[in-house]
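Here is the structure we will look at, set down as structure tokens.
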Amino acid sequence: MSDPMKVEGFGAPSEFGAHVFRVEIPSGTTEKIQIIEDFGLKGGEQGRPYEEVRVSLPRSIWSIISETARRDFNERLKIKKLPPARWMVGKNLLDRLLGKELCVLAWAVERAESNEIPIICSQWGALRPEERWWLFSMTVVQGGRDTDKDRGWRKALYHALSDGEVTPQRPSRKRVSQNSRQPFLFGDPNE
């Protein structure tokens, strides 16, 4: 029997040089929370940066969305028989696909009014992981950096996910593959 894959935080591979996302939560209450894509060993190759700040959020907004993301991600970690994680002050690592999903949620709420954020969280929760990955891919082309607020798909995410009402949480995602030896735990590594 092979050993299970070693992970840190929210399913991030522990191996050196893995492509992961990082949420940096400062101890100061007025500093912004940053979501950063760390390209690992592929950083610096073919014009790719070593890392890219994808979005910065005020703590007030992060405090609202962080619980939604934590619950969703931990449900999926549990299915993979991996330990749950929680957000802590400092650096929080995520599997690269979960990081993409978190960016979609963060981009959608960054310009929202506080009464719209529960709707956005609900609409985001109703999306399948594959839909979130696709939305990330579309958005990152024109609006994927921290400085790209209010551009292209990034603006569209707000409009698409804030239109509606809070819906009940959908049932558990049992359809997620049980193959714990996948190098990327939550989907197609080619995404």
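Entry comment: accessible area of the range 62-161 is 43 Å² per residue, from protein heavy atoms only and a probe of 1.4 Å. Annotation note: chymotrypsin sites (Phe, Trp or Tyr not before Pro) in the range 14-113 located in DSSP loop regions with a Cβ neighbour count of at most 10 within 10 Å are PHE16. The GluC sites (Glu not before Pro) of the range 48-119 meeting both criteria, a DSSP state outside H, G, I, E and B (loop) and at most 14 other C-beta atoms within 10 angstrom of the site's C-beta, are GLU113.
Give the carbon-plus-sulfur fraction of the accessible surface of the range 1-52 in %, rounded to a whole number; probe 1.4 Å, heavy atoms of protein chains only.
Working: 1550 of 3200 Å².
About 49 percent, which is the carbon plus sulfur part of the accessible surface.
Distance between the 7 Å Cα→Cβ label points at LYS42 and ARG151: 2.1 nm. Taking a straight Cα-Cα cut-off under 25 Å and skipping sequence neighbours fewer than 8 places away in the same chain, the lysines within cross-link reach of LYS32 are LYS91, LYS100, LYS149, LYS155. For the range 1-113, a/c is not less than 1.5, where a ≥ b ≥ c are the root eigenvalues of the C-alpha gyration tensor, and a/b does not top b/c. That puts it in the oblate class. Residues whose amide H comes within less than 5 Å of that of ILE33, counting only those at least five positions distant or on another chain, are LEU57, ARG59 (H built at 1.01 Å from N in the peptide plane). Close amide H partners of VAL7, meaning residues 5 or more places away or on another chain with modelled amide H under 5 Å apart, are SER14.
Pop out the ³J(HN,Hα) list for the range 34-49 in order, Karplus 6.51 cos²θ - 1.76 cosθ + 1.60 with θ = phi - 60°, rounded to Hz; leave Gly and Pro as x. Once rounded to whole Hz, the list reads 10, 10, 10, 8, 10, 6, x, 5, 7, x, x, 9, 6, x, 7, x.
For LYS42, LYS155, what's the largest-to-smallest order of accessible area, 1.4 Å probe?
Working: LYS42 125, LYS155 85 Å².
Result of the area sort, largest leading: LYS42, LYS155.
Taking a ≥ b ≥ c as the square roots of the eigenvalues of the Cα gyration tensor, the range 41-99 is oblate, since a/c reaches 1.5 or more and a/b is not larger than b/c. First check a/c for the range 24-178, with a ≥ b ≥ c the square roots of the eigenvalues of its C-alpha gyration tensor; if it is under 1.5, answer rounded, and if not, answer prolate when a/b is larger than b/c or oblate otherwise. Because its axes are fairly even, with a/c under 1.5, the range 24-178 counts as rounded.
The values are calculated or read from the model by the stated rules, or taken from the named source; none is laboratory data. What you see is a predicted model; the values in this text were computed from it and never measured. Here Cβ is always computed from backbone atoms with ideal geometry, including for glycine, and neighbour counts include all displayed protein chains. With ligands, DNA and RNA removed, areas are computed over all heavy atoms of the protein, side chains included. Shrake-Rupley method; radii C 1.70, N 1.55, O 1.52, S 1.80 Å.
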